[in-house]
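To keep things clear, I will list the structure first and then write my remarks on it.
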């Protein structure tokens, strides 16, 4: 792979990372308790991307996609997880002083949430199946090349999401105002819940 190919792929990954999605809203939610928690979500998501790249490199994702029921189960599990995160966040909005009492999600919870959210998102696997091959040549389509692109995707995503976490944490004094904290929690949690419902609805149609 040439340098220009790698840079083009990194640019695409950056554009996709900038587009708000479940990971972005997870980072914003966890950053209410400090940048470390938000960065933990970013790192967890990055690790999940590398594991998806590994699955693609080993052919696991392709087999999963071809096995309709297995792919459907992953999609349903991902939808349920996002719905759970959303409903959990909405339940937290009844107490806007939660962060001050130190009961907000911590680093370990953020890392786990980012990892599980990414692993249960089959769209990440489809990205590696459909997009990554476009940046590979016939003589550079082996395990190492796929993993290299997976590492680039993970690094770009982690850097962007970490920047979002730091930015949100620096505005924490403003974000922790009761009305602002409640609004952010409602918006981010509602988005996660809606994505979860949408994923489940799509899975239901595909399984019908």
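General observations
- When each of 112, 160 is scored by the number of other beta-carbon atoms lying within 10 Å, the sequence from fewest to most is 112, 160.
- If R0 equals 22 Å, the separation of the Cβ atoms of residue 187 and residue 87 corresponds to a calculated FRET efficiency of about 0.95.
- Prolate/oblate/rounded label for the stretch 1-63 (Cα gyration tensor, a/c 1.5): oblate
- Distance (nanometres) between label positions extended 7 Å along Cα→Cβ at residue 8 and residue 123: 2.4 nm
- Which of 29, 108 has the fewest Cβ neighbours within 10 Å, and the rest in rising order: 108, 29
- Order of 118, 13 under a 10 Å beta carbon neighbour criterion, fewest first: 13, 118
- At an R0 of 41 angstrom, the distance between the Cβ atoms of residue 131 and residue 80 translates into a FRET efficiency of 0.95.
- Here each label is just a point 7 Å from Cα along the line to Cβ, and for residue 15 and residue 151 those points are 2.5 nm apart.
Read the figures in this text as sums done on the coordinates, not as results from a lab. Just so it is clear, the model here is predicted, and its values are computed rather than measured. Counting neighbours? That spans all protein chains shown, and the Cβs are built from the backbone with ideal geometry, glycine included.
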